[in-house]
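First up is the structure itself, then whatever we jot down about it.
The values are calculated or read from the model by the stated rules, or taken from the named source; none is laboratory data. These numbers were taken from a predicted model, which means no experiment stands behind them. Cβ placement follows ideal geometry from the backbone for every residue including glycine, while neighbour counts extend to all protein chains displayed. Just the protein is used for accessible areas: all its heavy atoms, side chains included, with ligands, DNA and RNA removed. Shrake-Rupley method; radii C 1.70, N 1.55, O 1.52, S 1.80 Å.
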Amino acid sequence: MTFFSKMNWYNEGFNLLVEVGATGLTVDTLTRRLKITKGSFYHHFKNYQDYKNGLLAYFEELTTSRTIEMLETMAKPADKIEGLLNITRSGSSQIEVALRAWALQDQEVRAFQARMDSRRLDYLQDLFTELGYQLEQAQLMGQMFYTLYVGSTLIVPELSKDRLYTELTRLYNQSKP
């Protein structure tokens, strides 16, 4: 007998979002793909809404909270930015794209996406402020870095983040206070 945790359900939800989109993310599809009963689903979740809320929270935990926690172990703001660039260069963005598409169809997901984007932008602004940028310039630098990350994932075929980040970093280094 295989034991399924909430993480198994969430990871399969991410797979479905990437492969077929939000319309394919149903209890029936999840249980069919995992070859497990609906009872198992309801053992972990009160209902689909509970699952959806957990899925979004798990995504934020994986992609935002843990990233910030890891970066905060670094002493220098410049090291934090370099660490963040390395993470975003190497990470898969397919789930990000799928969630953004879902946010266009679902107001709750859109509110989640807006809150998460705001949290990420605030963190970037704080990093650039730590580097000595004035508030307005720190906000702009954070927005440019984040826009590059989001935008490069939405263009088909996906742009090379390495090349774009290298150039943006070069420009950023020229504009340091």
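Below, the figures for the structure above:
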{"read-out": "Candidates ASP79, ASP126, ASP122, ASP162 - the one that is open to solvent by 60 Å² or more (accessible area, probe 1.4 Å), in a helix (DSSP H, G or I) and at pLDDT below 90", "value": "ASP162"}
{"read-out": "Positions within segment 129-144 being part of a helix (DSSP H, G or I) and in contact (Cβ under 8 Å) with a residue 40 or more places away in the chain, in sequence order", "value": "GLU130, GLN137"}
{"read-out": "Helices (runs of 4 or more DSSP H) within segment 1-67 that include 2 or more residues over 27 Å from ASP117 (Cα atoms) and among the aromatic types (Phe, Trp, Tyr)", "value": "38-44"}
{"read-out": "Counted residues, segment 21-55 - those being within 16 Å of ASP106 (Cα to Cα), open to solvent by 40 Å² or more (accessible area, probe 1.4 Å) and not hydroxyl-bearing (Ser, Thr, Tyr)", "value": "3"}
{"read-out": "ALA114 open to solvent by less than 30 Å² (accessible area, probe 1.4 Å) and free of Cβ contacts under 8 Å to residues at least 24 places away in the same chain", "value": "no"}
{"read-out": "Matching residues in segment 83-94 - criterion: being open to solvent by 80 Å² or more (accessible area, probe 1.4 Å) and in a helix (DSSP H, G or I)", "value": "SER90, GLN94"}
{"read-out": "Residue identified as under 25 Å from GLY21 (Cβ atoms), under 12 Å from the mean Cα position of the chain (by Cα) and open to solvent by less than 50 Å² (accessible area, probe 1.4 Å) among LEU99, LEU62", "value": "LEU99"}
{"read-out": "Residue within segment 132-151 that is at pLDDT 75 or above, farther than 16 Å from LEU84 by Cβ, open to solvent by less than 80 Å² (accessible area, probe 1.4 Å) and in contact with a Pro (Cβ under 6 Å, 6 or more places away or on another chain) present", "value": "yes"}
{"read-out": "Pairs where the first residue, in segment 58-70, is over 12 Å from LEU84 (Cβ atoms) and the second is surrounded by 17 or more Cβ atoms within 10 Å (Cβ to Cβ), C-beta under 6 Å, 6+ apart", "value": "TYR58/TYR10; GLU60/MET116"}
